[in-house]
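Down below is the structure, laid out as structure tokens.
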Amino acid sequence: MERNYVIIGNPENRRVDFFQRALISQGMGPATVLSYEEVFKRKLKINNLIKDGSVIRVESPGENFNVEREIIALGHEAGDISGEKARRLEYEKGRIFYPTQWYHGFTRLQEAIWKVNSSVRGLVWMNYPLDILTMFNKPICQQLLASKLVRVPRSLREVSGYEDLRCKMESHSLKRVFVKLFCSSSASGICAYQYEPKSNREILISTMEISPRDGEFVFYNSLKIKRYTEKIKIKVILDWICSQGAQVEAWIPKESTNGYVFDLRVLAVGEKAAHRVPRLSKSPMTNLHLGNKRGDIKSLGLTDDEINEALMEAEKAAAVFAGSHYKGIDVLISSESHKPYIVDINAFGDLLPGIAYDGMDTYTYEIVKLTNVKVINCE
Ligand SMILES: Nc1ncnc2c1ncn2[C@@H]1O[C@H](COP(=O)(O)OP(=O)(O)O)[C@@H](O)[C@H]1O
Ligand SMILES: [Mg+2]
């Protein structure tokens with residue numbers, strides 16, 4: 001059945017282009033694109049573009065600073081800066097601007113998109129706005145997955161800052177943890193922290209950088225992995241992440257091959273594990289945009305049982321978000337227990353150019369499988 005596709009996204013972004021190409025490859029017409037900039041200018045309304053049975057694909061709002069500014073402005077109630085000031089922010093490469101306020105604005109944006117549910121029948125969401133919000137909130141997402149008995153690393157709750165983290169690590173006998181900015185993605189605001197209470201030695205590995213400005217610190221994300229050993233800097237970074245909201249969890253030692261640690265990015269489509277990409281790294285972060293290598297799943301030294309178990313765990317995680325047609329899941333396999341752990345689930349996790357499953361790229365596969373999607377009708 002030919003469906004009416006609507007993409008809400010940044011039209012200049014390659015994600016939109018890839019999806020349009022996939023539609024055309026299946027003999028379908030291109031999707032109507034509603035840009036986030038238009039949404040903010042209220043020039044075009046989503047209700048005018050959808051009809052009964054439309055498919056809505058909500059794309060990442062990332063990589064467009066005008067949109068980032070508007071999202072922060074929309075979240076002004078969170079109280080860091082006014083909407084006016086947010087609209088005047090100047091672009092700075094890698095700067096992490098007001099994450100709590102950004103998430104507040106992102107929530108308001110997704111809720112506004114979700115409201116179209118009530119205006120038409122049989123709407124199909126490729127990714128459901130309320131799922132997107134949950135997936136973007138790492139502590140809530142990990143708690144939800146744990147409550148559904150998906151294997152996730154053990155979390156430390158309500159860590160207020162550096163000193164509290166060290167106390168909690170000691171009392172839980174954890175020497176290595178991941179501290180993640182609650183709404184981060186693309187390794188932004190992700191720290192691998194190791195602390196040995198007996199010797200008081202500590203090390204923090206992260207893509208984050210800090211810079212003093214006007215008596216405060218500003219925080220950046222870079223493509224380089226840095227190793228911090230000075231208490232002052234470690235404390236500034238961890239205190240800031242915790243002040244915004246942090247997901248703190250056990251650092252699971254990853255399986256390795258030829259001197260690289262690895263995890264798997266698994267794309268689940270309609271709750272089934274489809275595309276899978278081993279991500280090989282010399283650092284604790286495996287994100288591919290950091291220059292890490294893609295591997296071949298057959299040459300990792302994993303047994304078939306280990307691979308199957310990892311894929312099954314990913315499917316279990318995918319089933320928790322049954323209202324979304326696809327999600328990109330980060331699965332790592334512990335080098336100690338050989339068991340899979342779900343560390344991240346991404347609402348926009350299908351940007352895997354050049355990776356095929358059943359002979360199809362991620363976007364084409366999602367379109368072909370859409371007939372299996374559950375139709376959400378919230379009347
Ligand atoms: N608990 C963990 N133990 C070991 N490695 C982890 C853990 N959590 C995350 N990582 C590594 O750090 C990377 C970034 O973390 P992730 O939660 O996926 O954040 P992001 O949303 O920025 O991708 C992951 O790709 C993974 O390899
Ligand atoms: Mg990830």
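Taking region 342-370 only, how many residues are part of a loop (DSSP other than H, G, I, E, B) and either among the hydrophobic types (A, V, I, L, M, F, W, C) or within 16 Å of ligand 1 (Cβ to nearest atom) (or both)?
Selection size over region 342-370: 8.
Enumerate the pairs (first residue in region 168-194 and within 12 Å of ligand 1 (Cβ to nearest atom); second residue anywhere and in a strand (DSSP E or B) and among the acidic types (Asp, Glu)) with beta-carbon separation below 6 Å, excluding pairs fewer than 6 apart on the same chain, so at least 6 apart or on different chains.
So the pair list comes out as PHE178/GLU249.
Every residue in region 81-122 that is charged (D, E, K, R) and either in contact with a Ser or Thr (Cβ under 6 Å, 6 or more places away or on another chain) or at pLDDT 95 or above (or both), please.
Result: GLU84, LYS85, ARG87, ARG88, GLU90, GLU92, LYS93, ARG95, ARG108.
Kindly indicate which of LEU156, LEU145, LEU149 is in contact (Cβ under 8 Å) with a residue 24 or more places away in the chain, away from ligand 2 (no atom under 16 Å from the Cβ) and touching a strand residue (DSSP E or B) at 6+ places or on another chain (Cβ under 7 Å).
LEU156
Kindly list the number of the only condition in (1) out of contact with any Asp or Glu (no Cβ under 6 Å at 6 or more places or on another chain); (2) open to solvent by less than 70 Å² (accessible area, probe 1.4 Å); (3) at pLDDT 95 or above that fails for TYR162.
(1)
Can you pull out the residues in region 258-275 that are more than 14 Å from ligand 1 (Cβ to nearest atom), in contact (Cβ under 8 Å) with a residue 40 or more places away in the chain and farther than 30 Å from THR100 by Cβ?
If the condition is that a residue be more than 14 Å from ligand 1 (Cβ to nearest atom), in contact (Cβ under 8 Å) with a residue 40 or more places away in the chain and farther than 30 Å from THR100 by Cβ, then VAL269, GLY270, GLU271, LYS272, ALA273, ALA274, HIS275 are the ones that fit.
Among the numbered conditions (1) modelled with pLDDT of 95 or more; (2) open to solvent by less than 70 Å² (accessible area, probe 1.4 Å); (3) charged (D, E, K, R), tell me where GLU12 comes up short.
Unmet for GLU12, out of (1) modelled with pLDDT of 95 or more; (2) open to solvent by less than 70 Å² (accessible area, probe 1.4 Å); (3) charged (D, E, K, R): (2).
Is it the case that PRO61 is assigned to a loop (DSSP other than H, G, I, E, B) and under 30 Å from SER243 (Cα atoms)?
Here the answer is yes, as PRO61 does meet what is asked.
Sort out which residues of region 336-363 are within 15 Å of ARG57 (Cα to Cα), of a type outside the set (Phe, Trp, Tyr) and open to solvent by 10 Å² or more (accessible area, probe 1.4 Å), and write them in order of number.
Listed by number, the residues that qualify are ASN346, LEU351.
Where in region 179-287 are the strands (runs of 3 or more DSSP E), entirely inside, with at least 2 residues that are open to solvent by 40 Å² or more (accessible area, probe 1.4 Å) and within 16 Å of ligand 2 (Cβ to nearest atom)? First the steps, then the outcome.
Numbers: elements: 190-196, 201-213, 216-228, 246-250, 260-269, 272-281.
Because the criterion is at least 2 residues that are open to solvent by 40 Å² or more (accessible area, probe 1.4 Å) and within 16 Å of ligand 2 (Cβ to nearest atom), the strands (runs of 3 or more DSSP E) in region 179-287 that meet it are 216-228.
Out of everything in region 316-330 that is in a strand (DSSP E or B) and surrounded by fewer than 24 Cβ atoms within 10 Å (Cβ to Cβ), what residue ends up being nearest to ligand 2 (Cβ to nearest atom)? Show your work before the answer.
Step one: filter region 316-330 for residues in a strand (DSSP E or B), giving 326-330.
Narrowing the set further to residues that are surrounded by fewer than 24 Cβ atoms within 10 Å (Cβ to Cβ) leaves 328, 330.
On the way: GLY328: 8, ASP330: 4 Å.
Looking at residues that are in a strand (DSSP E or B) and surrounded by fewer than 24 Cβ atoms within 10 Å (Cβ to Cβ), I get ASP330.
May I ask you to say which residue of LEU290, LEU280, LEU332 is within 12 Å of ligand 1 (Cβ to nearest atom), at negative phi, of a type outside the set (D, E, K, R) and free of Cβ contacts under 8 Å to residues at least 40 places away in the same chain?
Only one candidate qualifies: LEU280.
Going residue by residue through region 306-315, is there one that turns out to be in contact (Cβ under 8 Å) with a residue 24 or more places away in the chain, within 11 Å of ligand 1 (Cβ to nearest atom), open to solvent by 20 Å² or more (accessible area, probe 1.4 Å) and touching a Pro at 6+ places or on another chain (Cβ under 6 Å)?
no
When region 51-70 is examined, which residues are found to be acidic (Asp, Glu) and open to solvent by 10 Å² or more (accessible area, probe 1.4 Å)?
ASP52, GLU63, GLU68, GLU70
The values are calculated or read from the model by the stated rules, or taken from the named source; none is laboratory data. Since the structure is predicted, the reported quantities are computational estimates derived from the model, not experimental observations. All Cβ positions, glycine included, derive from the backbone under ideal geometry; neighbour counts span all protein chains shown. Accessible surface areas use protein heavy atoms only, side chains included; no ligands, DNA or RNA. Shrake-Rupley method; radii C 1.70, N 1.55, O 1.52, S 1.80 Å.
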